[in-house]
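Novice: Got a structure for you, questions after.
The values are calculated or read from the model by the stated rules, or taken from the named source; none is laboratory data. The shown structure was predicted, so the numbers you read here are calculated from the model rather than taken from an experiment. Don't worry about glycine lacking a Cβ; one is built from the backbone with ideal geometry, like all the others, and counts go over all protein chains shown. Heads up: the accessible areas ignore ligands, DNA and RNA and are worked out on the full protein's heavy atoms, side chains in. Shrake-Rupley method; radii C 1.70, N 1.55, O 1.52, S 1.80 Å.
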Amino acid sequence: MRTVADFLDHCVQVSAPLPPLDVSLDGAAGCILAQAVYANADIPARDRADGDGYAVLASDVAQASAENPVSLSVIDALPATAVNAGTLVPGGCVQVASGAPLPAGADTVIPIVFTNRGTAMVQIKRALPAGSYVRHAGEDTREGMEILPAGVRLSARHLALLAAEGRATALVHPAPRVVIMAVGDELQDPGRKPQAGKVFDASSHALASAVREAGGNVFRVGVVSDDKRVLRETLEDQLVRADIIITTGGLSYGGGDTVKEVLASFGSVRFDAVALWPGRQLGIGTINDEAVVFCLPGNPVAALTAFEIFIRPALLHMAGYSHIHRRPISAQMTAAWTGHKELEDYVPVRVVGNPNDGYRATPLIENDSTLISALARANGLAVIAPQTSSVSAGDSVPCIILDS
């Protein structure tokens with residue numbers, strides 16, 4: 001039986017980071033930047049107005065006030081699109097739109113609200129220090145400087161910077177494409193009238209959501225028959241769009257489940273008993289060296305637990321993340337828990353508290369129960385080590401927080 005730590009290491013090793021890909025800014029959000037980005041030019045390229053107003057020489061309006069405004073001649077008006085800004089002469093000013101270049105000689109912009117909005121002559125009603133309301137050349141970025149480091153997760157603010165630099169694409173580790181299929185003739189899709197001998201497929205829907213939350217691109221196939229030919233054809237068809245394939249179900253030791261047999265014919269997938277509760281039997285490997293495949297139990301609680309422990313870190317590693325594990329917190333159990341001998345228990349709990357007063361974790365299930373309703377109410381998983389036969393109320397245990 002493999003330990004949880006050993007199986008997790010194997011999952012991460014198999015899931016190598018995807019090769020960098022140059023993608024459009026529209027498709028780069030949420031991806032990890034594959035290499036540092038350096039500024040192509042100064043931003044702004046020249047001094048510009050940081051608001052609508054009048055470009056002046058600060059010394060010309062040093063005595064201006066509401067009671068004693070200073071009058072200046074308006075010698076020009078510049079829109080934001082102006083190319084030639086000209087030169088400011090002493091005693092004059094230039095009306096400027098926000099973003100307009102400043103004329104040579106001007107060192108300050110007086111906002112329009114501090115004037116009488118004149119067009120030929122304007123009254124300046126407030127003095128401001130030199131440099132006020134001016135975006136100076138190179139103030140934002142300087143040509144050649146590093147503006148984004150490799151490894152940053154691109155969000156709206158990062159994409160704004162890249163777009164301001166004139167870049168239409170970014171070199172990133174792309175989000176993994178994840179195909180999810182639930183295997184079993186006993187399954188049926190939700191939304192239909194319940195059929196005798198059938199249960200609704202909860203696992204593939206849950207896993208699809210978990211993959212999206214982790215940043216993957218999801219293709220949910222849905223229910224796939226236990227029939228060997230159908231299962232093999234479905235797997236082969238999905239390879240064209242999959243970096244990862246997740247199957248759920250078809251891992252029992254009894255007859256009628258064909259996942260192992262089908263994958264053995266064209267994949268290098270190893271199935272192990274893992275010292276994990278809930279779960280136990282899991283598979284990991286590759287199919288034709290084209291996609292990583294994870295084989296999970298059909299029970300939705302076990303499947304989601306295995307995803308959280310093994311697949312989420314592997315998916316993040318494939319996507320280029322440097323930090324792939326959630327950081328656990330320590331919480332006091334409010335009730336006793338009897339651990340499963342030689343297994344690492346992941347117990348759905350409700351965690352409350354704060355860093356100053358500490359945290360408390362309440363188990364939401366009893367031993368050996370795997371209730372979907374309990375997992376739905378949980379916001380964490382308490383980790384009970386294999387060597388711990390039981391936990392008493394008040395004992396501290398590590399907890400993985402799920403709602404983060």
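Novice: Checking the structure you have, find out if any residue of the stretch 104-115 is among the acidic types (Asp, Glu), in contact (Cβ under 8 Å) with a residue 40 or more places away in the chain and open to solvent by less than 40 Å² (accessible area, probe 1.4 Å).
Specialist: Checked against the condition, which is being among the acidic types (Asp, Glu), in contact (Cβ under 8 Å) with a residue 40 or more places away in the chain and open to solvent by less than 40 Å² (accessible area, probe 1.4 Å), the stretch 104-115 yields no hits at all.
Novice: OK, next. List the strands (runs of 3 or more DSSP E) inside the stretch 221-302, counting only whole elements, that have at least 2 residues being β-branched (Val, Ile, Thr).
Specialist: Strands (runs of 3 or more DSSP E) meeting the threshold: 244-248, 281-287, 291-296.
Novice: What about LEU128, is it open to solvent by less than 20 Å² (accessible area, probe 1.4 Å) and either of a type in the set (Gly, Ala, Ser) or out of contact with any helix residue (DSSP H, G or I) (no Cβ under 6 Å at 6 or more places or on another chain) (or both)?
Specialist: no
Novice: Hey, among the residues in the stretch 255-264 that are farther than 21 Å from SER15 by Cα and touching a helix residue (DSSP H, G or I) at 6+ places or on another chain (Cβ under 9 Å), which one's most open to solvent (accessible area, probe 1.4 Å)?
Specialist: Here the residue is GLU261.
Novice: Filter the stretch 264-320 for residues that are among the hydroxyl-bearing types (Ser, Thr, Tyr) and modelled with pLDDT of 95 or more and give the result.
Specialist: THR305
Novice: Residues GLN238, GLN281: which one is under 29 Å from the mean Cα position of the chain (by Cα), surrounded by fewer than 23 Cβ atoms within 10 Å (Cβ to Cβ) and among the polar types (S, T, N, Q)?
Specialist: Going through GLN238, GLN281 in turn, just one is under 29 Å from the mean Cα position of the chain (by Cα), surrounded by fewer than 23 Cβ atoms within 10 Å (Cβ to Cβ) and among the polar types (S, T, N, Q): GLN238.
Novice: Can you confirm whether ALA306 is open to solvent by less than 40 Å² (accessible area, probe 1.4 Å) and either among the small types (Gly, Ala, Ser) or touching a residue at least 24 places away in the same chain (Cβ under 8 Å) (or both)?
Specialist: In short, yes.
Novice: Working carefully through the options ASP201, ASP243, ASP226, find the one that is surrounded by 15 or more Cβ atoms within 10 Å (Cβ to Cβ) and over 19 Å from VAL269 (Cα atoms).
Specialist: ASP201
Novice: In the stretch 56-74, which residue that is touching a Gly at 6+ places or on another chain (Cβ under 9 Å) and closer than 23 Å to HIS136 by Cα is surrounded by the most Cβ atoms within 10 Å (Cβ to Cβ)?
Specialist: For the stretch 56-74, the residue satisfying everything is VAL56.
Novice: When you scan the stretch 15-42, how many residues do you find that are outside any loop (DSSP other than H, G, I, E, B) and in contact with a Gly (Cβ under 7 Å, 6 or more places away or on another chain)?
Specialist: 3
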